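Below: the structure, in structure tokens.
The values are calculated or read from the model by the stated rules, or taken from the named source; none is laboratory data. Remember, predicted model here, so these are calculated numbers, not experimental data. Cβ placement follows ideal geometry from the backbone for every residue including glycine, while neighbour counts extend to all protein chains displayed.
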Amino acid sequence: MSTHTPDRALTEPAKRNEPAPSQAAYRVLYDGQCEICQACVAWLKTLDHEIKTVSLPISAEVLPTVDSRLRIDECLRQLHVVIPKGEILVGWDAVAALALLFPSTWLIGVLGRRFPFRNAGRWFYNFVAMNRYSLSKCRGGACRVARPDAVRRQARLGAFWSCYTLGFFIRLPLVLWAGLKAVAQRASIFFRTYHQRLDLLNGKLTILFLNGFLPNAVPLLFGELFTTVLYDGVAVDPGSPKMRRSLLRHLHRVRRKISRIIATHAHEEHVGNLNWLSDLTDAPLYVSEVTAEFLRPFKKLPWVRAAIIGQPPDLKEPSNCWAMRWIPSPASCR
């Protein structure tokens, strides 16, 4: 139910706070200092796949650009939503109107506008709204004018932190869902690239996806894939010792002569197989001077990285001159 009737055209919100929304969007005014309000807006943005709403934190600068009828003290007291028709909905009526916009909450919106659910919804919303300031870490905007430690002294410790706790539990399903979704995406990418290679430029460029029993934990946990690139006879970053079997399997299948081996930098997943691949193919190595200094001797890795990725051996002195002009020649080549 509206507390005001539309009497003038709506204007666009301030661009420095949010992208300018369409007049067809529901404009949601919320207390940006309230953990509970922030958590609820996080849910709203998650449900709003079609961008039917625009959420705007309440401030004296923003309100006049949304609708001149809005008053900051009233907006801080309870939720205000300006709908496309220009009507302003407040409190539980605003919640019910927003619920109607999304399939997963549509039933809440329908029941929330009918007796007795509407009365129960209004009572519950008013109870939370009336106690929100005492629960909130900022006492409804006090952080703008008071230090947080001063606010904490004025409130009971349990009440002060309860807003944090409630906001956390409201967000928790979103956090868990985002985590599970990320795990599923990483696992999908890993299994789609497992033992695979990608041939490009009519086979001139090949990307080899490397794996190993322990190294496989990295793409599954963090999403980083291990690769070696073959381009016109040049092997780039041949992986770590624990990925050696995977690389050898690829080389048997590709059957392409390797004429040069390059390491782009000194991380263990890039340089661990330099010596081995050079001995296998009789191809010279090319690394930068900084990388060469790091690899002779190779710095000892933290035990976790050494156990999962593998400690690379020290870089061997080349038996022939390195051809890259930006790499100093060994004394034997002078």
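Taking residue 220, is it under 28 Å from the mean Cα position of the chain (by Cα) and in a loop (DSSP other than H, G, I, E, B)? When the stated conditions are applied, residue 220 does not pass them. Just one of (1) part of a loop (DSSP other than H, G, I, E, B); (2) surrounded by 17 or more Cβ atoms within 10 Å (Cβ to Cβ) fails for residue 235. It is (1). In this structure, does residue 208 turn out to be assigned to a loop (DSSP other than H, G, I, E, B) and either in contact with a Lys or Arg (Cβ under 7 Å, 6 or more places away or on another chain) or surrounded by fewer than 18 Cβ atoms within 10 Å (Cβ to Cβ) (or both)? When the stated conditions are applied, residue 208 does not pass them.
Candidates in the range 223-258 are the residues that are touching a helix residue (DSSP H, G or I) at 6+ places or on another chain (Cβ under 8 Å) and of a type in the set (Ser, Thr, Tyr); of these, the one that is farthest from residue 185 (Cα to Cα) is 240. Look at (1) outside any strand (DSSP E or B); (2) in contact with a strand residue (DSSP E or B) (Cβ under 8 Å, 6 or more places away or on another chain); (3) not basic (Lys, Arg) and you find that residue 261 fails only one, number (1). Scan the range 23-70 for residues that are assigned to a loop (DSSP other than H, G, I, E, B), under 20 Å from residue 97 (Cα atoms) and in contact with a strand residue (DSSP E or B) (Cβ under 7 Å, 6 or more places away or on another chain) and jot them down. Hits for the range 23-70 are 25, 52, 58, 67, 69, 70. A Cβ distance below 7 Å, combined with a sequence gap of six or more or placement on separate chains, defines the contacts here; from the range 293-316, residues that are in the same structural domain as residue 212 (by TED's automatic domain parsing) and closer than 13 Å to residue 271 by Cβ reach residues that are of a type in the set (Asp, Glu) and in a loop (DSSP other than H, G, I, E, B) in the pairs 295/314; 296/314; 297/314; 298/314. When 186, 245 are checked against the criterion of being surrounded by fewer than 17 Cβ atoms within 10 Å (Cβ to Cβ), among the charged types (D, E, K, R), touching a residue at least 12 places away in the same chain (Cβ under 8 Å) and part of a helix (DSSP H, G or I), 245 stands alone in meeting it.
Residues of the range 285-295 that are part of a loop (DSSP other than H, G, I, E, B) and buried (at least 17 other Cβ atoms within 10 Å of the Cβ): 287 alone. Total residues in the range 251-280 satisfying the condition of being crowded, with 17+ Cβ neighbours inside 10 Å and of a type in the set (Val, Ile, Thr): the figure is 4. Has the range 102-111 got any residue that is among the β-branched types (Val, Ile, Thr) and either farther than 28 Å from residue 177 by Cβ or surrounded by 20 or more Cβ atoms within 10 Å (Cβ to Cβ) (or both)? No, the conditions are met nowhere in the range 102-111.
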